[in-house]
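Heads up, the thing below is written out as structure tokens.
The values are calculated or read from the model by the stated rules, or taken from the named source; none is laboratory data. Keep in mind the model is a prediction, meaning the values are calculated, not measured. Ideal geometry is used to build each Cβ from the backbone, glycine not excepted, and the neighbour counts take in all protein chains shown. When the accessible area is computed, the model is the full protein with side chains, heavy atoms only, and any ligands, DNA or RNA have been set aside. Shrake-Rupley method; radii C 1.70, N 1.55, O 1.52, S 1.80 Å.
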Amino acid sequence: PLVFNFQDSISLFYSPLQLQSSCPIGLLPILTSKKSNNKEPTKKTCQSQTLTITKKHANNELNTSLTQALTQKLKSSTHQIKLQMSKCFSFTRAKNRCYRSTFTKSGLKPTTTDLQDGTVMNCWVPNTRTHSKPDLLLIHGLGANGMWQWGDTVRYFTAHFNVYVPDLVFFGDSYTTRPERTESFQAQCLMRVMEANSVGRLSLVGLSYGGFVGYSMAAQFKDVVEKVVICCAGVCMEEKDLKDGVFTVSDVEVAASILVPQKPDKMRELLGYTFFKPPPPHLIPSCLLADFIDIMCTEYVEEKRDLIRAIPKDRKISDIPKITQPTSIIWGQYDQVFPLELGHRLKRQCAPSM
């Protein structure tokens with residue numbers, strides 16, 4: 001059995017930032033009058049007392065205004081310091097470098113394949129292909145790129161397989177100018193990348209959206225794909241499932257806004273759906289989430305959402321081809337993105353090959 005353990009522990013410590021500021025405040029003179037022997041105050045004395053009260057009131061207003069201005073200045077300075085800190089250090093970029101190092105140490109190298117039709121594909125391939133090892137294709141799901149979703153497990157596979165980890169179209173460094181957005185098109189692009197690397201027979205593992213693509217590859221290229229592993233991919237969903245309440249989120253536009261987040265609040269919502277025991281939202285700093293979004297989620301936003309929209313469009317189980325390759329299905333019992341019911345449907349669809 002394959003065991004996937006995707007767990008990152010993120011600790012961010014803030015040291016108290018003490019800002020000292022001194023601002024000289026001019027004191028207005030207080031006018032006083034000499035004592036008068038008269039029982040009734042003179043006109044001059046009354047005017048002096050009135051002026052004193054007025055000056056005191058003005059001085060209080062001045063102090064209040066200066067305090068508010070100083071407070072606002074401190075807030076602005078703190079915000080600017082945080083921005084400068086985020087520019088000086090990016091957790092996402094640092095993590096990306098770590099994954100890149102992991103892939104390199106695992107004997108892989110990044111390659112770019114121009115498919116000559118407006119499509120460019122990035123894929124990690126073996127430095128040296130060992131002919132005695134079988135070829136294995138790892139297909140990532142929605143998210144950052146192939147490195148982020150396979151970085152914690154790739155070293156276990158490279159010991160036994162010639163491993164290939166592509167970036168799907170519109171993820172990582174892969175893109176296209178063509179209008180197609182279906183998993184069938186993604187599968188065809190991956191097949192052409194494998195052909196460019198002289199891979200004639202392969203097995204594949206597809207995670208989430210990558211499972212849709214992997215299933216499509218197995219259906220289209222039966223002579224090439226030998227074995228299939230599908231991980232929590234709702235291949236056998238139907239368009240009507242959205243209205244029938246099968247999914248926690250019943251509107252595809254809402255789902256697209258969560259799965260391709262552009263704000264920290266949406267990212268927190270995504271974590272709530274994708275983790276069995278998500279971390280408490282208040283423990284994840286917004287600056288950390290914003291950093292990830294800025295680096296990983298701001299390119300090809302509409303194109304990625306189009307990929308999501310294309311999944312349920314006119315989808316019926318009766319139209320989904322059956323695959324004949326030996327197939328393993330891995331699913332989370334409490335999966336909130338693709339409920340376990342879809343796993344049972346997929347099992348029935350693949351029953352002859354299980």
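Filter region 208-221 down to the residues that are in contact with a helix residue (DSSP H, G or I) (Cβ under 6 Å, 6 or more places away or on another chain) and hydrophobic (A, V, I, L, M, F, W, C), then identify the one that is surrounded by the most Cβ atoms within 10 Å (Cβ to Cβ).
Only one residue fits best here, namely Val213.
Quick one: in region 175-201, which of the residues that are closer than 23 Å to Arg305 by Cα and in contact with a Leu (Cβ under 6 Å, 6 or more places away or on another chain) is most open to solvent (accessible area, probe 1.4 Å)?
Arg181
Can you go through Ile311, Ile329 and tell me which one is modelled with pLDDT of 95 or more, open to solvent by 30 Å² or more (accessible area, probe 1.4 Å), under 20 Å from Ala187 (Cβ atoms) and of a type outside the set (Phe, Trp, Tyr)?
Ile329
Just one of the numbered conditions (1) part of a helix (DSSP H, G or I); (2) open to solvent by 70 Å² or more (accessible area, probe 1.4 Å); (3) in contact with a helix residue (DSSP H, G or I) (Cβ under 8 Å, 6 or more places away or on another chain) is not true of Asp265; which one?
Failed condition: (3).
When the residues of region 278-299 are narrowed to those that are of a type outside the set (A, V, I, L, M) and part of a helix (DSSP H, G or I), which ends up most open to solvent (accessible area, probe 1.4 Å)?
Among those residues, the one meeting the criterion is His282.
Might you let me know whether region 186-204 holds any residue that is under 30 Å from Asp335 (Cβ atoms) and free of Cβ contacts under 8 Å to residues at least 12 places away in the same chain? Can you show your working first?
First, the residues of region 186-204 that are under 30 Å from Asp335 (Cβ atoms): 186-191, 193-194, 202-204.
Going one step further and asking which of them are free of Cβ contacts under 8 Å to residues at least 12 places away in the same chain, we end up with none.
No: region 186-204 contains no residue that is under 30 Å from Asp335 (Cβ atoms) and free of Cβ contacts under 8 Å to residues at least 12 places away in the same chain.
Within region 240-262, restricting attention to residues that are touching an Asp or Glu at 6+ places or on another chain (Cβ under 9 Å) and surrounded by fewer than 14 Cβ atoms within 10 Å (Cβ to Cβ), which residue is nearest to Gln336 (Cα to Cα)?
Ser250
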